[in-house]
1. In the chain, what percentage of the DSSP-assigned beta bridges are antiparallel, given to the nearest 5?
2. Taking amide H positions as placed 1.01 Å from N in the peptide plane, with prolines and chain starts having none, which residues 5 or more places from residue 558, or on another chain, fall under 5 Å of its amide H?
3. If contacts are Cα pairs under 8 angstrom and at least 6 residues apart, what is the relative contact order of the range 409-482 in percent?
4. Mind checking the full-extension length gain between residue 564 and residue 593? Use 0.36 nm per residue of separation minus the Cα-Cα distance, one decimal, nm.
5. Using θ = phi - 60° and the Karplus form 6.51 cos²θ - 1.76 cosθ + 1.60, what ³J(HN,Hα) does each residue of the range 361-369 get, whole Hz, x for Gly and Pro?
6. Rounded to the nearest 500, what is the chain's calculated 222 nm mean residue ellipticity when only DSSP H runs of at least 4 contribute -39500 (n - 2.57) each, over all residues?
7. Using θ = phi - 60° and the Karplus form 6.51 cos²θ - 1.76 cosθ + 1.60, what ³J(HN,Hα) does each residue of the range 438-450 get, whole Hz, x for Gly and Pro?
8. Tell me the relative contact order for the chain as a rounded percent, counting alpha carbon contacts under 8 Å between residues six or more apart.
Amino acid sequence: MYDLLAEPIRRYIRNKGWESLRSIQAAAIRHILADDRNYILESRTASGKTEAAFLPILSRVSFKTPGVKVLYISPLIALINDQFARIEELCVYLDVPVTKWHGEAKRSLKEKLIRDPEGVLLITPESLEAMFCNAPQNISHLFGSLDYVVIDEIHSFLGTDRGVQLQSLLSRLRLTANCKFKVVGLSATIGDHAAVKQMTGDAANTTVLRDPTGKEIDAEFKYFPDEGAELPLDLLKDLYTNTKDNKVLIFPNSRGRAEEIAVKLNKISERVGGHHNYFSHHSSVDREVREYVEQFAKSNQRYPFAISCTSTLELGIDIGSVDKVVQVDATSSIASLIQRVGRSGRKDGMTSMLLFYATGPWSLIQSLACFSLYREKFVEPVGNNRSAYDLLLHQILSTVKQLSGCTFDTLQERMSCNYAFAEIKPAAVTAIIKHLLQLDILELIGGELIIGVEGERMVNARDFYAVFKTDPNYKVVHADKPIGEIPLTSIIVVDENIFLAARIWKVVDIDEKTKKITVIPAKDGKKPKFSGGGMDVNVRVRERMLELLMTGSVWTELDKSAADVLAEYRKMFGKYAIEDLKFDRPVTEKEGSCIVYTFQGSGVNRAMAFVLQQMKPGFIITLVEEDSTFHFSCDFKTAEKTLITALASLAQVDIYLAEAIAANSDGMVNSKWGVYLPPVLQKELLKATRYDFDGAGQFLADVRLVRHMDHQS
């Protein structure tokens, strides 16, 4: 494969001292240089996927004619900044310029590229969206001769609003620039090959190249029961002991927990004379602070460190090799777990070290379920674009802004040929346009649709280019230096302490007008605050949790406390005569009330809870999502009859949803652009994204409630 590459690229490989090509690199070179298909490169973390894409692409593309030839799209600005150095080092051998284009990039370099378009451009979907809206004349100028689009971490776009937006932008790019580029996607985690092929816009002409080589994993599960809002001190002491001499990434499930861990580990280390390299890393930490942490981890060769982080370090930002990954309580998804595990043992031949901590029985059982599915290479399937009406609305506004107005027929045609919305019927496009006219977001003047009075405010806002919803934030500063941000939804008062950037700060001033919080280092010992977070769980994870409870599978990875908890819950659930693990569900009874364990995904649970709420049965029904239970303040027979009635009531769900939307116009649809949809499409959006009514119907039709054997007659 080496001989197929261009001489400058071969010289790069020789100068790097590579003894051989990686498997995914050899496969990519052979295929990308041979034909004009789209390719998805799937291989484990740190297997050289970036080079696998760029070695053959740069060997094949001619940079002699004007125009950007390769467009690299990343989900994160930080990942662009990180990959820039790698790609630029490679492109030096071809004398090809590489340009970053995002909100933090230098304006002068962007202007230079516009004057003389060439080489490789690195961009985020949001910056590409902004270009379509604000400088559409640059699209053809820059990308008229585009040969390749490289999508990094392509799995992070699958089944998400940003993924639909990216598909739409690629479709619009082909049309506006009249170019026939090929797509190369990179990922370590793909559960649905059909879905990832759809991302390219030409699934039939897309091939997945997969290197199945994995890594050995040394996993250990520990259990420390929760003692309240804060993590148990014994857990933190054990975590310190197990990580103090290593380079470690610690993944809890919220920013608040990440801060708590970083601060408390640092305090423990101070008391015993340990190192001070404890950091936090998440979206609320100031960018310069995050970049310092990343650079410290990447350049540090000698000293141990621990970074307590959220998903911001889940993707492929290069922070070098870490010795161990710690997960505190169950991950939100198996795809997330795969990415996190891959951060450990990145060097060839190294074993990935994974340490789980659980603070509750159900967190432990869910962690075991996720890990067992991970070992079976299961990854959650993704959603589809059939009901992406909110993203369609956003792209309608973006297209009208791009064209500075257009006829109804032109807009309808552009949306119909946009492959991101191929499964949405033209009638829905018409309904959205008419509703936007009613809201004065669009106007019709002289047969042409233009952005209306209300629409101008929306499309000219800085956050228009992002399709995801973000809460407004207070900026947190100390001595006029930014530390990070706190969501406006947090209830913060003067003299209160907060966690941020791995330190505890005292709030001394809150400026509501400028949305700025001034802080000083806290020394009074008051307990600090920070926000938490929730997560959805896939049905397969919940079903595996029941399987683990009802079977005797051996887990040598558990410490004694974790093993005792698993044994206790297996004994408890062993008293139920569960015959069908798919639809038999245990019920506990106590003094006229009962608890039904559904072991269903979050979407099904929410759908059942919604229908039961609309039925108003006359007694209290509460969903506890953490352990997938419904708590009925009635006896077993009444609960059983209520679920039967709920199955019949599913036929009325459209009426229920319409009534709920009318009663909660600003709170029912949790979507940035969904609130502007006509109610009938808001209803369809809710059914596609929040409630799994089809799954609820199947479950309720087949479920058999199984009482504790001591209660059976």
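What follows draws every value from the coordinates through simple rules; no lab data is involved. Only a predicted model underlies this, so the values are computations on that prediction, with no experimental measurement involved. Neighbour counts run over all protein chains shown; Cβ positions are idealised from the backbone, glycine included.
1. Beta bridges within the chain, antiparallel portion: roughly 40 percent.
2. 221
3. Rounded, it is 14 percent for the range 409-482.
4. Working: separation 29, 0.36 × 29 = 10.44 nm, distance 2.82 nm.
Roughly 7.6 nm would be gained on extension.
5. x, 6, 5, 5, 5, 5, 4, 5, 4
6. -12500 deg cm²/dmol
7. 3J(HN,Hα) across the range 438-450, in whole Hz: 5, 8, 6, 7, 10, 10, 10, 10, x, x, 10, 7, 10.
8. 12 percent
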